[in-house]
Ligand code: BEZ
Ligand code: FE
C-alpha cells in the first residue's frame, strides 16, 4: 500500500477497516469514509479549507463543558438531530410526534406533586398547563412520568445561569389514575440558542438567525410505551417557520390562552393576567409490546 493517490486512497482506507470485528462499526466507518472522501472531492476541498474545518471542530470541542454542548448545537443547526430523531421515531398516525431533545435537559430534575409550580422562581408570566396522557385508542394512561423543562422570560434555562443553586423551570410529575396532569409554570417565550461560539459563527456566516419559537419541552415515559421526547410550541408566535434547529411540527403547536386577573384553573385567585395551555399526549406502544405497537 504505497503511492496512494486521489483515485486510490478511499479504497485503501476502506480495506484497512475490513477486519473490524463489530459489523455495525464496520458499516458506519466504511460509509463515513466513502461520504467524507466523496464530499472532499465534490467541493474540491482546499488545504486552507481543511485546516479551517479542523480549527472549527477544535473550537467546538473546547466550547463544551458540563453546561454547554456545542456539538449538539452543531448537530441541531445542521438538521442532523431532526433527521436522526425522525428516522428513529416513526409512529402510527394519531401518536404525538417527537422532536429534538436539545442540550438543556438535566438528570435528576426535582419531582413535584400535581399542581405544583415548576417555575420555582423562574421569571415569567404565570401559565397553568394541563392535559391527559392517552394511548392510541384514546384510553387514558394512568401514572405516566412527565418531565418538563423550559426557558424563562429572558430566554435562559436555569443551567445557563452561573451560580444558580436550584432548578427552575423544570420538574417531574406523575399523571393521576385518569391519565390527567396539571402544573403551574411560566409562559414560554422565543429565545436564541447560544450563539457566542463556533455554531454562532456558522449561523452568521450563512446569514441565519439563532432563534427558536416559544416552546415547552416534554419527556413522557410509561412502561410498555415508547418514550416520547417532544415540545409543545406556542401558536401564533414568531419563528415557527424558521426555527434555528428545525424542530417545529404543526401538530405540536397549541394555543396559550390569556386570561384577565381572576380565578385560575387550580382555584388560585390571580391578581395579574395569566395563561392556560391544554395539551393531550398520545403515546406509541413499544415495539413488541402486547399493546400492538409499531415503531
Ligand atoms: C432547546 O430547545 O432547548 C434547544 C434545542 C436545540 C438547540 C438549542 C436549544
Ligand atoms: Fe428549548
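Each peptide in 13-22, 166-175, 235-244 receives the mean, over its residues, of other Cβ atoms within 10 Å, and ordering these scores from highest gives 166-175, 235-244, 13-22. What's the angle, to the nearest 10 degrees (0 to 90), between helix 47-62's Cα axis and the longest principal axis of the chain? So the inclination is approximately 40 degrees. On a 0 to 90° scale, report how tilted helix 23-43 is relative to the longest principal axis of the chain, with both axes built from alpha carbons and the result rounded to the nearest 10. Approximately 70 degrees, to the nearest ten. Quick check: the distance between the Cα centres of the range 20-82 and the range 128-183, to the nearest angstrom? If you average the Cα positions of each part, the centres end up 34 Å apart. Computed per residue of the chain from DSSP H runs no shorter than four, each worth -39500 (n - 2.57), the mean residue ellipticity at 222 nm is -7500 deg cm²/dmol. Sorting 23-30, 148-155, 3-10 by their mean Cβ neighbour count within 10 Å, with the most densely packed peptide first, gives 148-155, 23-30, 3-10. A Gaussian network model of the chain, with springs between Cα atoms under 10 Å, assigns the largest mean-square fluctuation among 47, 125, 139 to 47.
Bear in mind that the values in this text are calculations on the coordinates, not laboratory data. Given the structure is predicted, the values throughout are model-derived calculations rather than measurements. A quick note on method: Cβ atoms are made from the backbone with ideal geometry, for glycine too, and the neighbour counts reach across all protein chains shown.
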